[in-house]
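**Student:** Before I ask anything, here is the structure I am working with.
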Amino acid sequence: MAIIFASELKLDVPVEGLIAVFLAATAASLSSVFLKQAPQPSAFAANAVGAAAGFVVCALVSIALGEDHALPTTFAGWWPIVYLTLAGSLGAYVLFTWLVQRWSVTNASMIGVVVPVLAVILGAVAKQEQRSPESYIGAVVVLIAVIVALQPWAGTRYAGKAAVAK
């Protein structure tokens, strides 16, 4: 990922932003592991609980920060909200929950590194975005790493050592 976004990295990044990204990644990782260990509810039920908890937290923080809560009045204002709710949140999280219930957490988590690669590719194709050569090199490195990591033999070395250690 660092190779893909190397041309955009700056040293003047606020520490609070870095901490927020680290905490978000940590929370996402932990939630995937907890989801895998919990009894297997439907993907919709699991996400309903998560969405309700997230709503409460976000509403409280939004109120504490004094953010504006005006609702859109036009279709152009509502369309992005509806799309992001259905496709970006409900659809994506339900699909991820379904995958975690059927795959290992490690395999399902590979989505997190493939999505930025897809964004770079789609940006270049659909929007004619000009990226540095390092971005494309990084994308190839990530895709090769994911392919290797998903191979059945990739985890056998570690699993064998763990079994011997027991």
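Readers should treat all values here as calculations from the given coordinates under stated rules, not as data from a laboratory. A quick note: this is a predicted structure, and the numbers were derived from the prediction, not measured. All Cβ positions, glycine included, derive from the backbone under ideal geometry; neighbour counts span all protein chains shown.
**Student:** Grab the Cα-Cα distance for Trp79 and Ala25, subtract it from 0.36 nm times how many residues apart they are, and report the gain in nm with one decimal.
**Tutor:** Working: separation 54, 0.36 × 54 = 19.44 nm, distance 2.83 nm.
Extra length from Trp79 to Ala25 when fully extended: 16.6 nm.
**Student:** Another question, if that's okay. In vacuo Debye scattering of the range 54-151, one point per C-alpha: log10 I(q)/I(0) at q = 0.11, 0.20 Å⁻¹?
**Tutor:** -0.57, -1.09
**Student:** With r defined as the distance between the Cβ atoms of Asp12 and Ile111 and R0 fixed at 35 Å, what FRET efficiency is calculated, to the nearest 0.05?
**Tutor:** Details: r = 30 Å, r/R0 = 0.87.
Taking R0 as 35 Å, the efficiency between Asp12 and Ile111 is 0.70.
**Student:** Here is a follow-up. Per residue of the range 118-124, what does 6.51 cos²θ - 1.76 cosθ + 1.60 with θ = phi - 60° give for ³J(HN,Hα)? Whole Hz please, x for Gly and Pro, Karplus curve as stated.
**Tutor:** For the range 118-124, the Karplus-derived couplings read 4, 5, 5, 5, 5, x, 5 Hz, x marking Gly and Pro.
**Student:** Sort Lys127, Lys36 by Cβ crowding within 10 Å, fewest neighbours at the top. Could the numbers behind the result be given before it?
**Tutor:** On the way: Lys127 8, Lys36 15.
By the 10 Å Cβ count, ascending: Lys127, Lys36.
**Student:** FRET efficiency for Val57 and Leu150, Cβ-Cβ distance as r, R0 = 35 Å, nearest 0.05? All intermediate terms of the calculation are to be shown ahead of the outcome.
**Tutor:** Values: r = 33 Å, r/R0 = 0.95.
E(calc), rounded to 0.05, equals 0.55.
**Student:** Using amide H atoms built in the peptide plane, which far-off residues or other-chain residues are under 5 Å from Ser104 H to H?
**Tutor:** Amide H neighbours of Ser104, under 5 Å, 5+ apart: none.
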